[in-house]
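The structure appears right after this line, and notes come after that.
The values are calculated or read from the model by the stated rules, or taken from the named source; none is laboratory data. Small disclaimer: the values here were computed from a predicted structure and weren't measured. Every residue, glycine among them, receives a Cβ derived from its backbone with ideal geometry; neighbour counts consider all protein chains shown. These accessible areas exclude ligands, DNA and RNA; they are computed on the full protein's heavy atoms, side chains included. Shrake-Rupley method; radii C 1.70, N 1.55, O 1.52, S 1.80 Å.
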Amino acid sequence: MELKERIEALEKELKELTKVPAGGGESFRIAYSGKKGHLKGLYEELKSVPNEMKKEVGQSINSLRMLVEEKISSWSTIDAAESTSTKDLTRPGSGPELGSLHPITLVKEEIVDIFSRIGFTLSEGPEIEDDWHNFSALNFPPEHPARDMQDTFFVDEDHALRTHTSSVQVRVMEGTKPPIRTISPGRVFRNEAISSRSHCMFHQIEGLYIDKGVSFADLKQTLLYFAKEFFGEKADIRLRPSYFPFTEPSAEVDVYWGLETETDHRITKGTGWLEIMGCGMVDPQVLENCNIDSGIYTGFAFGMGIERIAMLRYQVPDIRMFFENDMRFLSQFKTF
Ligand code: PHE
């Protein structure tokens, strides 16, 4: 058979091949484009074709080659599909990988939930706060050290990144008539040296309760309820006298956690007790600053650091781990 005719015959054969040939795609590939395959032989023969016909014959071999390549690539996808179909179709699928909530979010939601069960509503305020809401309304005198450049990130003369969530108390009191029972989670910022125990950015949850006849005993009982709900029935709290410009009397609250692990020792400085919040009776002057009649109403407030509580709950030895976004750390908090 003439070379041209053989090329045409192969072309016809190829066009008629619509399924993977009996021997499978691989044997087809070897027969056509393997080292000893049809194409190789045709290109060899091309060398002895008279010059005036080389172009024409060469082109028809090239188009044959393209046809072969097309077939091979279409069959390789069929091959792949067929090889999957031989697998166990009853096996459960692997499904898309799900993310997880951040440990700070998990703890925040749990705390908000515990207080919502005793009637506290959720409220939030801005992270860039003015002097009035962060300091002045809360009785910080103009020369108070907390306003110092050392502690506060100022944005301009009158604005700063809020240093605590107590600013939200002021906003709620200004905008709501008592009774008020609210809980305000959020991010706060302080110009502090970063270490394993403290950070320049962290989270707090503020609680505020204003009504007629609210007493310090109500405050203690509310905090004990929280500690037992969150840490378990065995949890205990102790209050130590303290000072905040916006509460009187004021206290710091420690929770007894125990000294079972190395992390317990480290974060409680070997005492088993960990300070988790500040609290107190809202200073009458603060009520007046927010247009609430301090002759009729009293109330309590508390503010706790979420990171500290999350460190206890999950035995996290270093506060910086919360903000490094290391997947090996974060993926341990999968809840679904
Ligand atoms: N705002 C205080 C702090 O950041 C905590 C606090 C809140 C104290 C409410 C008393 C009442 O340390």
So, first residue under 18 Å from Ile7 (Cβ atoms) in region 24-50, second residue surrounded by 14 or more Cβ atoms within 10 Å (Cβ to Cβ) and of a type in the set (S, T, N, Q), Cβ within less than 6 Å, six or more apart or across chains; the pairs are Leu39/Ser33
The condition from (1) in contact with a Phe, Trp or Tyr (Cβ under 8 Å, 6 or more places away or on another chain); (2) away from the ligand (no atom under 16 Å from the Cβ); (3) without any contact (Cβ under 8 Å) to a residue 24 or more places away in the chain that Asp254 misses is numbered (2)
Counting only residues that are open to solvent by 40 Å² or more (accessible area, probe 1.4 Å) and either among the hydroxyl-bearing types (Ser, Thr, Tyr) or in contact with a strand residue (DSSP E or B) (Cβ under 9 Å, 6 or more places away or on another chain) (or both), region 298-336 contains a total of 6
Result of the Cβ filter at 6 Å on region 188-209, keeping first residues that are touching a residue at least 12 places away in the same chain (Cβ under 8 Å) and under 16 Å from Met311 (Cα atoms) and partners that are among the aromatic types (Phe, Trp, Tyr) and assigned to a strand (DSSP E or B), at least 6 apart or interchain, is Met201/Phe189
Exercise. Could you tell me whether any residue of region 178-190 is within 14 Å of the ligand (Cβ to nearest atom) and surrounded by fewer than 17 Cβ atoms within 10 Å (Cβ to Cβ)?
Key: yes
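Being away from the ligand (no atom under 16 Å from the Cβ), open to solvent by 60 Å² or more (accessible area, probe 1.4 Å) and hydrophobic (A, V, I, L, M, F, W, C) is the requirement here; does Leu259 meet it?
Numbers: away from the ligand (no atom under 16 Å from the Cβ): yes; open to solvent by 60 Å² or more (accessible area, probe 1.4 Å): yes; hydrophobic (A, V, I, L, M, F, W, C): yes.
So Leu259 fits the description; yes.
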**Study point:** Meets criteria (out of contact with any His (no Cβ under 6 Å at 6 or more places or on another chain) and either hydroxyl-bearing (Ser, Thr, Tyr) or within 16 Å of the ligand (Cβ to nearest atom) (or both)) for Asn325
**Key:** no
